[in-house]
Amino acid sequence: MSASQHVVSIGLSAAIVSIVDERPSTLVVHHTGDADDALPFGPFDPLNHRTLESGLRSWVKEQTYLDLGYAEQLYTFGDRGRHLVKAGEGPRVVSVGYLALTRETAELKAPDTLWRDWYRFFPWEDWRGETPVIIADKIAPALKSFIKDAPNQPAADQRRDRVRLCFGTDGAGWDEEKVLERYELLYEAGLVQEAARDGRVGRAGAPLGAGMVFDHRRILATAIARLRGKMKYRPVVFELMPPTFTLLELQRSVEAISGIRLHKQNFRRLVEGQGLVEGTGRFAPIARGRPAELFRFRREVLSERPAPGVRLGSRARGTS
C-alpha cells in the first residue's frame, strides 16, 4: 500500500457569529452557481502557519477580509468521506472547527461572503415566539415513523428516549443547548439534506432547513450549542455588543442566541444584580417614550468571580 493512501489533510473551519438586526447570523461563503453555503475554511499549512489558530485567522482574513477577535477551538471532525464525493478519493480530511465572535460590520467587503441567519439552517431552534411550526408539522410525524421503523423494541425505546430528550416531548422540556444532538437525530432519521447526500434513505418531508457543504452544518450546530452553553458562565455575549448599548439591546442579543424569549424586568434585574453592566449616564434617543439609558460591560467582573455569565432566568410566555 502506497504512502499516499495514508495521507491526512488538516482543514480549518470557522463558525463566525454576529448579531445582525436581532438575528443571530453566521458568516458564509457562497460562490455563484453553488447550491449550498460554506463556512470559511482552508487547509492548515504547517510550513507557513505557526499554530492551528494562526492558520485559521489567516484563512478567514484571506476569504472574508475580517480580523477575528474572540475565537476558540470547538472540536475535531474526522468522519470518513466528509470532504469526498466518493469514499477513498484523495486524502482523508480532518477538520478542526472554531467558534469566533465579531461585532456586526456595516458592509462585508470580501466577494462571495454574506451573513446568514443561523435559523435558516436550524428553523426548529427558534423559540422566541411560539413553538416552531416545523416541529409539529414535519419533525414530530417524521420522528414517530423513525421510531416505528426501528429494527427491534430496544432500538425503538432508545429512539423514543432520544426524541423525548432532544425535542422535549412527553413533558421533558426544551433544552436550548442540545442543538447538536437534535441535528444528529434528524440526520440519522434521514430528515436533513446531508443524510441523503451521504447515502441514507430520506423520509417524507425532508430535507429540513437549508443544507451546507460537507459537514459544515454539523460544525455550525456544535458552535451554536457551545455559545448557548458558554454564555451562561462566561460573558461572551458582550463580544457581540457595541461599547455601549441599552439593556433591551442586550436582552434581544441574548434571546437571539438562546432562541428563547425572556421576561424583560427579570432580565434587567439579573444582569444588574450580577454586576455585569454599569450605566454610562448617557441615553440613546428613541422614536417614542423616554430615552433608554446606555450601559457598558463591567470588565472588572472577570476578576471578581469565577463564572460571570448571563444566567437566563425565567422565560417569557408568548412573544411579550
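How much length is gained on full extension from ILE134 to VAL94, taking 0.36 nm per residue of separation minus their Cα-Cα distance? Please list the in-between numbers first.
Values: separation 40, 0.36 × 40 = 14.40 nm, distance 3.31 nm.
Fully extending the segment from ILE134 to VAL94 adds 11.1 nm.
What value, in deg cm²/dmol to 500, does the helix sum -39500 (n - 2.57) over DSSP H runs of n ≥ 4 give at 222 nm once divided by the residues of the chain?
Values: 9 runs with 93 residues, N = 320.
Calculated mean residue ellipticity at 222 nm is -8500 deg cm²/dmol.
At q = 0.12, 0.23, 0.25 Å⁻¹, what is the log10 ratio I(q)/I(0) for segment 127-209, with the Debye formula run over Cα points and no solvent?
With one equal scatterer per Cα and no solvent, log10 I(q)/I(0) is -0.33, -1.22, -1.40.
So what is the relative contact order of the chain, in percent, for Cα pairs below 8 Å that sit 6 or more residues apart?
Details: 521 pairs, mean separation 55.6, N = 320.
It comes to 17 percent, rounded to a whole number.
Nearest 0.05, what FRET efficiency do ASP161 and TYR75 give at R0 = 41 Å with Cβ-Cβ as r? Numbers along the way, then the final one.
Numbers: r = 24 Å, r/R0 = 0.59.
E(calc), rounded to 0.05, equals 0.95.
Please work out how much length the chain gains when fully extended from HIS31 to VAL201, using 0.36 nm per residue of separation minus the C-alpha to C-alpha distance, in nm with one decimal.
Details: separation 170, 0.36 × 170 = 61.20 nm, distance 2.86 nm.
Extra length available between HIS31 and VAL201 comes to 58.3 nm.
If you keep only loop residues by DSSP, which trypsin sites (Lys or Arg not before Pro) in segment 212-290 have at most 10 other Cβ atoms within 10 Å of their Cβ? Intermediate values should be presented prior to the final figure.
Values: sites: ARG217, ARG218, ARG226, ARG228, LYS230, LYS232, ARG252, ARG261, LYS264, ARG268, ARG269, ARG282, ARG288; in loops: LYS232, ARG261, ARG288.
Sparse-neighbourhood loop trypsin sites (Lys or Arg not before Pro): ARG288.
Using Cβ counts within 10 Å as a stand-in for footprinting exposure, how do HIS31, HIS216, HIS49 rank, fewest first?
On the way: HIS31 9, HIS216 27, HIS49 19.
If I rank by nearby Cβ atoms, fewest first, I get HIS31, HIS49, HIS216.
Which loop chymotrypsin sites (Phe, Trp or Tyr not before Pro) in segment 221-320, with loop taken from DSSP, have no more than 15 other Cβ atoms within 10 angstrom of their Cβ?
Working: sites: TYR233, PHE238, PHE245, PHE267, PHE283, PHE295, PHE297; in loops: TYR233.
When the chymotrypsin sites (Phe, Trp or Tyr not before Pro) of segment 221-320 are filtered for loop state and at most 15 Cβ neighbours within 10 Å, TYR233 remain.
Which FRET efficiency value, to the nearest 0.05, is calculated for ASP170 and GLU62 with the Förster distance at 45 angstrom and r the Cβ-Cβ distance? Present the calculation step by step, with values, prior to reporting the outcome.
Details: r = 49 Å, r/R0 = 1.08.
According to the calculation, E is roughly 0.40.
About the Cα centre of the chain, how large is the charge dipole given +1 on each Lys and Arg Cβ and -1 on each Asp and Glu Cβ? Please answer in debye to the nearest 20.
Details: 47 positive and 41 negative charges, 171 e Å.
The dipole of the chain has a size of about 820 debye.
Every read-out reported here was derived from the displayed coordinates using simple, explicitly stated rules and does not represent laboratory data. No experiment lies behind these values; they were computed from the predicted model shown. A quick note on method: Cβ atoms are made from the backbone with ideal geometry, for glycine too, and the neighbour counts reach across all protein chains shown.
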